[in-house]
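The values are calculated or read from the model by the stated rules, or taken from the named source; none is laboratory data. Quantities reported herein were computed from a predicted structural model and do not represent experimental measurements. Neighbour counts run over all protein chains shown; Cβ positions are idealised from the backbone, glycine included. SASA here: full protein model, heavy atoms, side chains in, ligands and nucleic acids out. Shrake-Rupley method; radii C 1.70, N 1.55, O 1.52, S 1.80 Å.
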Amino acid sequence: MQALAQDIGLELDISYLLPELPLEELTGWHREVDRAHTLLMERSGPGADFLGWLDPLALAPDGLLAEIEETAASLRENSDALVVIGIGGSYLGARAVIEALGGPDSKPVYFAGTNISAAYHLDLLRRLEGHRVAVNVISKSGTTTEPAIALRLFRQWLADRGGDAASRVVATTDANRGSLLNLARQEGWKRYVVPDDVGGRFSVLSPVGLLPIAYAGIDIRGLVRGAARVADAVSDTSLERNPVFCYAAARNALYEKGYCIEMLAHFEPRLRFVAEWWKQLFGESEGKDGKGLFPASLDLTADLHSMGQYAQQGRRMLIETFLVIREGEPELRVPAEADDGDGMNYLAGRTLEEINREAYRATALAHREGGVPVMSVLLERLDAERLGALLYFFERACAVSGYLLRVNPFNQPGVEAYKRHMFALLGKPGFEEQTNALRQRLESAAAGGTVRFSP
């Protein structure tokens with residue numbers, strides 16, 4: 001068991017890595033970890049132009065936090081709900097925090113431009129009918145297909161309903177260029193900057209994530225404070241004392257042994273989008289050059305009745321990281337019943353938190369016995385500071401892990417492939433030469449590859 005620092009409230013339990021990964025073998029990675037840490041701190045590794053997230057206090061100084069809080073308060077006063085338009089890192093971090101920490105008193109925050117589904121966007125527009133709506137559109141360029149379409153839909157929707165929409169639209173975009181910047185200037189929208197040196201999947205503690213989070217009424221200063229405490233604590237690269245580097249090293253040590261999938265498992269539905277954010281963080285950072293653990297997630301205990309069978313007895317290529325809240329959850333007790341028809345009276349009087357905790361302990365042990373190496377990230381409680389610490393824990397571990405894997409953790413060249421094909425098929429100007437060739441390839445492939453039911 002390792003703790004970053006007593007006041008951070010985050011620990012890593014590695015006791016279930018045995019027998020596949022003995023402690024002495026894990027600590028043998030210390031020189032590689034030192035190398036990766038040096039590449040980060042000296043900004044000498046690949047992708048060093050995208051390390052603006054390393055210092056959370058520099059990324060979100062007091063003056064910026066105060067301005068974001070003021071903007072969020074004004075939007076809350078003049079609207080009933082906020083629509084965040086963005087995709088990938090432009091929304092996942094904010095949604096993770098809002099779903100984890102938001103409550104019945106939080107202002108509603110909805111998300112658009114995360115897909116190109118007509119049903120999804122039409123349902124959202126109908127749901128917002130009759131409400132005062134604020135919009136935060138987040139895009140570095142303004143030309144990313146999914147959010148650009150959603151912005152057109154919402155601009156038309158707001159225009160059709162009249163009123164002073166300009167005062168309720170905020171653009172988070174590039175400081176100096178791009179179509180969204182030009183549009184924001186033209187329309188007189190309030191603007192925040194997507195930092196040049198921060199990639200989307202590392203941007204949750206910048207205005208990209210902080211404005212929607214603040215609108216929901218969540219303590220953004222606590223988030224940044226928790227992240228900063230982890231940043232201060234990771235100067236020690238000892239694998240015995242530093243959970244960030246231990247987690248990164250363990251993932252790579254097991255990867256070298258042939259494990260190829262990491263499951264992030266949690267027992268709290270509020271953490272679902274933390275897992276979604278984590279999947280993008282590690283998948284986009286490490287999945288290149290034919291390398292990388294595939295990041296997957298399990299929502300427990302629900303997935304124990306579906307994916308639990310595979311986790312227990314499927315092909316042994318899995319490692320599992322549990323995300324656990326140790327205390328502070330609401331108290332709800334199981335009632336007793338006189339006839340005990342369901343046989344559940346043995347749980348009468350016990351809290352759901354206690355039962356959930358034992359479900360975690362039972363699952364971790366069972367999966368360990370089934371041949372899955374297991375780690376657990378333990379949060380003292382789920383609040384703004386601890387969640388900020390957790391987000392930065394994963395960001396820093398991801399950067400180190402990428403360097404251990406010897407890839408650039410901060411680029412994503414493969415993401416552009418589907419975009420080029422889509423632009424050609426949709427007839428985007430500049431892609432004309434590719435359109436006919438691509439359509440011919442698709443037609444040729446389809447000619448021999450379709451199976452239909454006979455009449």
In nanometres, the difference between 0.36 nm per residue of separation and the alpha-carbon distance of Asn436 and Glu24 is 142.5 nm
Contact order relative to length for the chain, counting C-alpha pairs under 8 Å separated by 6 or more residues, stands in percent at 23 percent
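Any idea of the accessible area per residue across the chain, 1.4 Å probe, to the nearest Å²? Walk me through the intermediate numbers first.
Details: 21160 Å² over 455 residues.
Ligands and nucleic acids excluded, the figure is 46 Å² per residue.
Go ahead and estimate [θ] at 222 nm for the chain from helices alone: -39,500 (n - 2.57) per DSSP H run with n ≥ 4, summed, over the residue count, rounded to 500. All intermediate terms of the calculation are to be shown ahead of the outcome.
Numbers: 17 runs with 208 residues, N = 455.
Result for the chain, helices only: -14500 deg cm²/dmol.
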Over segment 11-127, the quotient of the Cα radius of gyration and 2.2 N^0.38 Å is 1.58
Lys and Arg at +1, Asp and Glu at -1: neighbours of Gly188 with Cβ under 15 Å from its Cβ sum to +3
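What's the magnitude of the charge dipole for segment 158-200 around its Cα centre, counting Lys and Arg as +1 and Asp and Glu as -1 at the beta-carbon? Answer in Debye, nearest 20. Walk me through the intermediate numbers first.
Working: 6 positive and 6 negative charges, 28 e Å.
Charge dipole of segment 158-200: 140 debye, to the nearest 20.
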Using alpha carbon centers only, segment 281-315 is separated from segment 35-91 by a whole-angstrom value of 28 Å
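Percent of accessible area on the chain owned by carbon and sulfur, 1.4 Å probe? Working shown, then result.
On the way: 10830 of 21160 Å².
Result for the chain: 51 percent of the exposed heavy-atom area is carbon or sulfur.
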PRE zone check, label point 7 Å out along Cα-to-Cβ of Asp160, amide N under 14 Å, scope segment 98-125, hits 121-125
Candidate span helices, the chain: DSSP H, at least 24 Å along axis from Cα coords, Kyte-Doolittle average at least -1.0, result 145-161, 352-369, 384-404
In the chain, lysine pairs 8 or more places apart or on different chains with C-alpha atoms under 16 Å apart total 5
Taking 386-397, 49-60 and ranking on average Cβ neighbours within 10 Å, highest first, one gets 386-397, 49-60
When all Cα-Cα pair distances of the chain are considered, the percent exceeding 33 Å is 42 percent
